[in-house]
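Okay, so here's the structure we're looking at.
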Amino acid sequence: MRRISRFPMALALALAATTAVSLALPVEGALAQKKQKKGKEEAPQMELSAPFRKAFGESQTAFGANDFVTADAKLTEAAAVATSADEKYLTGKMKLQIGLKTENQAMQEKGIEEALASGKSTESEARTFNSFLGEKALVGNDFSRARTYLTAAVQAGQNNPVNLFQLAEAHFGEAIAKSGGRSIDAANSPLAAQGLPYLQRAVEAQLAGDKQYAPSWAKRGFQIARATKSDSTVWAQLLLKADTGNKAWNEVVRAMQSDNRNFTSDQSLDAMRLLRMAGGLSSANDYREYIEAAGAARRPTEVLALIEEGKAAGVVSASDAFFKEQATLAGNSRAEYVATLPDSIRDSRGKATATVTLATADALLANKQYAEAEELAALALTKNVEDKERAMMVQAIAQVAQGKYAPARQTLTSVTGVRAPIAKLWAVYIDQKSGAGAAAAPAA
């Protein structure tokens, strides 16, 4: 994952306005803390010994003359007699300045560490210093150190999206490293999961701003949530909000299927119907898997419509042997399939079993008879159908296809078990459609 770097330029700019004041030695009798103008930070109280003043002053003079070798040598003398927190703070700050001027990164980091360790850094310095050290550690793959400093930066108020993203990455990187460097194992999943709230805040801030990194960050969160077996629903929502293209829906639905490899054909069909309705079918394999789940003989009208859609989209080739065979099979079954529906509807409204009633509801859904599909799916539930989850999914999909979003959302809340992940994604789709106020595309 690409890690965004903002330093050292940001650090230099942050320090530029305070260098002269913060490194100036206080005159005798002015050691008491003085309050500056309202709204500005208070000048720190300085406790400096005479030996330190002498050596540090000489270092300052050399620094001002751009004699950085002498400045460094005199600073070493000052550091040798530095005992108070103020002296250690000033030593660290001067070391940082010399490091910036000489482009000595190790000296910069050492100076920042000393200034922070003194406990005398201002709040703004604490934010900048911890961010700098955290980022450097992250780039160097020292994830534990990165977490320490980036956490301190965020706690000090450095809550811009980049810092939050980097703190999340420090958690993820450490978990991956401890897991062997390729994936996240069960033992380190909790550590990685701790980074997700920071990344969520970063993505939400990006969505409210320029959205530059939102798609890639949301995708990262979705992947980590799945890897750690955390609830990925919120990440699916963020990804689909950040990336409004059809590819996001394809990734989300396909990931859910990958995480649930024991889906039956009917359960897979629920997922593929969602992918189709969301416009996420993007490859011949997507269409092939949809057809295999639906069954050309079992749902011929749905399969025929699907193949034609694939051809129109330029994804399905008319010469492809699989699609030609499935189109022929569906075409041979279509007439009888359609002809039996009226009798099946009549029987289902009467004494037909719950199983037959549900099968009829599904057939009606496949044939785009959404109102009747909704009716019979609900009727199957009143008949105490054994596969209640399937009945609720047929009912909900029929409701969505009619634009009845509120009832569909209510139906989906009752779906549990193996179909629960599918129901959650359908709910995300409903939220998208109802929020946009747009009509749903046909389910079949």
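A few points about this structure:
- For the range 148-163, 3J(HN,Hα) per residue [Karplus equation, 6.51 cos²θ - 1.76 cosθ + 1.60, θ = phi - 60°, Hz, x = Gly/Pro]: 4, 6, 5, 5, 4, 5, 5, 5, 7, x, 7, 10, 6, x, 5, 4
- Protection proxy ranking, peptides 255-262, 50-57, 268-275, average beta carbon neighbours within 10 Å, highest first: 268-275, 50-57, 255-262
- Given 324/368; 211/404; 136/229; 178/211; 74/95, the pairs whose alpha carbons are separated by over 21 Å: 324/368; 211/404; 136/229; 178/211
- Applying the Karplus relation 6.51 cos²θ - 1.76 cosθ + 1.60 with θ = phi - 60° to the range 287-297 yields 3J(HN,Hα) values of 5, 4, 5, 4, 4, 5, 6, 6, x, 5, 7 Hz, where x marks Gly and Pro.
- Between helix 388-401 and the chain there is an angle of about 80 degrees, using the helix long axis and the longest principal axis of the Cα atoms.
- Under a Gaussian network description of the chain, with springs only between Cα atoms under 10 Å, the residue in 408, 152, 318 that fluctuates furthest is 318.
- Each part gets one Cα centre, and for the range 149-204 versus the range 271-330 those centres are 41 Å apart.
- Normalised per residue, the volume of the convex hull around the Cα set of the range 263-436 (Å³): 105
- Amide H contacts of residue 49: none lie under 5 Å away among residues 5 or more positions distant or on a separate chain (H built 1.01 Å from N in the peptide plane; Pro and chain starts excluded).
Laboratory data are not the source of any read-out in this text; all were calculated from the coordinates shown. What you see is a predicted model; the values in this text were computed from it and never measured. Quick reminder, even Gly has a Cβ in these numbers, built from the backbone with ideal geometry, and neighbours come from all protein chains shown.
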